[in-house]
Amino acid sequence: MFREVVSARLVGGDLNKLQDLVTPDAIAELKPVVQKLSMTQRKQLEINESDIYLSFPYQIGIMFDDANDKLQKRWVEITMVFHVMRGLTEMRERGEEIPWNMGTLPEYQDRVFICNYRFKKEFTAGQQSDWTINVANHFRAIDLINESK
C-alpha cells in the first residue's frame, strides 16, 4: 500500500504531500530528480501492488546512539526490494502464462522495474515512531545494461 501511495505522489510531482511518509532528507533528494522527469517518465514511477512479482528484504540494520548515558536511542532500518512488471495483473486476468525469466526476455524488459525502499523506525524506550521511508529508488534493469554498453 505505501508503495502505491508514494509512487502516485511522485507521479503527481507534489512531494510536499509525502511529509508523513518520507523523511525530509529523502524528499530533498527526490525533488530535483522528479522535477526533471517528463510526464511519461513520471508515469513509469507508479506501482500497482498486484504487478509486484518478487519482493524481499535486502538489508536489516539496527543502530544505537550511546551519546546519552541515561537513554540509549535505537533505530531499525529495513531495505526492501520489489520487482515489478507493468501489466502483470492484466496478464494474470487473461490467464496468460508468465515466464519465470521474464526480466531477461526482450519483450518484457521495458516493463520490468526494480524498486528499492528503505524504511526507518525509532525503537527508543518511551518513544512512539512510525515507519518512514528514507530512500526510494526506481529503475529499469535494461536501462543499466544499456548504459554500460
Worksheet item: Just a yes or no: is a residue in region 98-116 surrounded by 11 or more Cβ atoms within 10 Å (Cβ to Cβ), closer than 19 Å to THR23 by Cβ, in contact with a helix residue (DSSP H, G or I) (Cβ under 9 Å, 6 or more places away or on another chain) and not β-branched (Val, Ile, Thr)?
Response: yes
Discussion item. Just the residues that are under 23 Å from LYS43 (Cβ atoms) and either more than 22 Å from the chain's Cα centre (by Cα) or hydroxyl-bearing (Ser, Thr, Tyr) (or both), please, taken from region 76-89.
Written reply: THR89
Item to complete: Tell me which residues, restricted to region 93-116, are modelled with pLDDT of 90 or more and either of a type in the set (Ser, Thr, Tyr) or more than 19 Å from the chain's Cα centre (by Cα) (or both).
Response: GLU93, ARG94, GLY95
Worksheet item: Quick one: how many residues across region 118-149 are aliphatic (A, V, I, L, M) and under 16 Å from ILE62 (Cβ atoms)?
Response: 1
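Residue by residue, here is whether (1) modelled with pLDDT of 85 or more; (2) more than 21 Å from LYS121 (Cα to Cα); (3) β-branched (Val, Ile, Thr); (4) exposed (fewer than 11 other Cβ atoms within 10 Å of the Cβ) holds:
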| position | (1), (2), (3), (4) |
| --- | --- |
| ALA8 | yes, yes, no, no |
| VAL11 | yes, yes, yes, no |
| ASP20 | yes, no, no, yes |
| VAL34 | yes, yes, yes, no |
| LEU71 | no, no, no, no |
| GLU77 | yes, no, no, no |
| MET80 | yes, no, no, no |
Worksheet item: Restricting attention to region 21-41, and to residues there that are touching a residue at least 24 places away in the same chain (Cβ under 8 Å) and not β-branched (Val, Ile, Thr), which single residue is farthest from THR132 (Cα to Cα)?
Response: LEU30
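Residue-by-condition table, conditions (1) of a type in the set (A, V, I, L, M, F, W, C); (2) within 30 Å of GLU107 (Cβ to Cβ); (3) in contact with a strand residue (DSSP E or B) (Cβ under 7 Å, 6 or more places away or on another chain):
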{"site": "VAL22", "(1), (2), (3)": "yes, no, yes"}
{"site": "ILE27", "(1), (2), (3)": "yes, no, no"}
{"site": "LYS31", "(1), (2), (3)": "no, no, no"}
{"site": "SER38", "(1), (2), (3)": "no, yes, no"}
{"site": "LEU54", "(1), (2), (3)": "yes, yes, yes"}
{"site": "ILE60", "(1), (2), (3)": "yes, no, yes"}
{"site": "ASP66", "(1), (2), (3)": "no, no, no"}
{"site": "ARG86", "(1), (2), (3)": "no, yes, no"}
Discussion item. Please go through region 118-134 and give me each residue that is over 12 Å from LYS73 (Cβ atoms) and at pLDDT below 90, ordered by number.
Written reply: GLN128
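The values are calculated or read from the model by the stated rules, or taken from the named source; none is laboratory data. Remember, it's a predicted structure, so these values are computed and weren't measured experimentally. With ideal geometry, Cβ positions are generated from the backbone for all residues, glycine too; neighbour counts draw on all protein chains shown.
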